[in-house]
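Since the structure comes first, as structure tokens, the remarks are kept for the end.
The values are calculated or read from the model by the stated rules, or taken from the named source; none is laboratory data. What you are looking at is a predicted structure, and each value in this text was computed from that prediction instead of being measured. Here the Cβ positions follow ideal geometry from the backbone for every residue, glycine too, while neighbour counts run over all protein chains shown.
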Amino acid sequence: MSRAVFLDRDGTLNVDPGYLDHPDKMALIPGVGDALARLSRLGFRLIVVSNQSGVGRGLIDPKLIPAINARLNELIAPSGTRIERFEMCFLLPDDPASRRKPKPDLILDAARALGIDVSLSYMVGDKVSDIQAGIAAGCRASAMVLTGYGSQDRAHLKPGEAAYVGRDLNDVSRWIESETVGS
């Protein structure tokens with residue numbers, strides 16, 4: 001079994017413009033390439049798990065999602081790494097069939113498909129729902145970035161809910177490195 005870092009996309013890896021509806025609007029948050037390269041060197045597989053209700057709301061053409069995700073991989077390619085898998089939920093928050101975070105389904109589905117041990121893995125995101133999804137899935141730890149919605153959502157964390165709160169993914173990747181080197 002391998003280990004992974006499960007990553008929210010918008011606000012964690014890339015600037016969140018609201019509903020990211022076109023590949024041309026994809027812009028990395030500074031330092032993301034370096035952070036992903038560090039995590040890859042540590043032996044983590046990189047998986048995006050993302051709520052994308054803009055599709056369900058009719059604001060994002062579902063046919064553009066593969067191109068948007070491909071653009072993300074193009075932008076991080078100079079760092080020598082890539083996102084291996086994208087797990088997304090397009091349903092609205094109140095849909096009873098929803099796999100949306102904070103439910104753990106996106107993480108668990110990717111873990112089953114790729115043979116990942118979630119107990120050795122991390123979840124990183126900019127919302128409390130990301131942190132809760134990692135906890136519900138049984139991840140080793142969940143960490144919050146203060147990019148995207150993180151600076152506002154941090155106030156809604158319960159004490160000890162996030163194992164770490166970092167200013168950005170680069171900061172969190174260094175924390176993961178400190179937690180895992182030698183383990």
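If the condition is being farther than 20 Å from LEU42 by Cα, of a type outside the set (A, V, I, L, M, F, W, C), in contact with a strand residue (DSSP E or B) (Cβ under 7 Å, 6 or more places away or on another chain) and not in a helix (DSSP H, G or I), then the range 126-183 contributes ASP126, GLY148.
Which is crowded, with 21+ Cβ neighbours inside 10 Å and within 19 Å of ILE29 (Cα to Cα), of ILE131, ILE176, ILE116?
Unique residue meeting the criteria: ILE176.
Checked against (1) part of a helix (DSSP H, G or I); (2) in contact with an Asp or Glu (Cβ under 8 Å, 6 or more places away or on another chain); (3) basic (Lys, Arg), ARG45 passes all but a single condition, namely (1). Of the residues screened, ILE68 is not one that is more than 20 Å from LEU106 (Cα to Cα), in contact (Cβ under 8 Å) with a residue 40 or more places away in the chain and aliphatic (A, V, I, L, M).
Got a sec? Which of PRO66, PRO78, PRO93 is over 16 Å from the mean Cα position of the chain (by Cα) and part of a loop (DSSP other than H, G, I, E, B)?
PRO93
For residues that are over 15 Å from VAL145 (Cα atoms) and of a type in the set (Asp, Glu), scanning just the range 15-33, find the one that is surrounded by the fewest Cβ atoms within 10 Å (Cβ to Cβ). If we take residues in the range 15-33 being over 15 Å from VAL145 (Cα atoms) and of a type in the set (Asp, Glu), then ASP24 is surrounded by the fewest Cβ atoms within 10 Å (Cβ to Cβ). ALA37 meets the conditions (1) among the aliphatic types (A, V, I, L, M); (2) surrounded by fewer than 21 Cβ atoms within 10 Å (Cβ to Cβ); (3) farther than 18 Å from GLY166 by Cα in every case but one. The failed one is (3). Pull up the range 76-104, narrow it to residues that are surrounded by fewer than 17 Cβ atoms within 10 Å (Cβ to Cβ), in contact with a Leu (Cβ under 8 Å, 6 or more places away or on another chain) and not basic (Lys, Arg), then point me to the one that is modelled with the lowest pLDDT. Checked the range 76-104; the qualifying residue modelled with the lowest pLDDT is ALA97.
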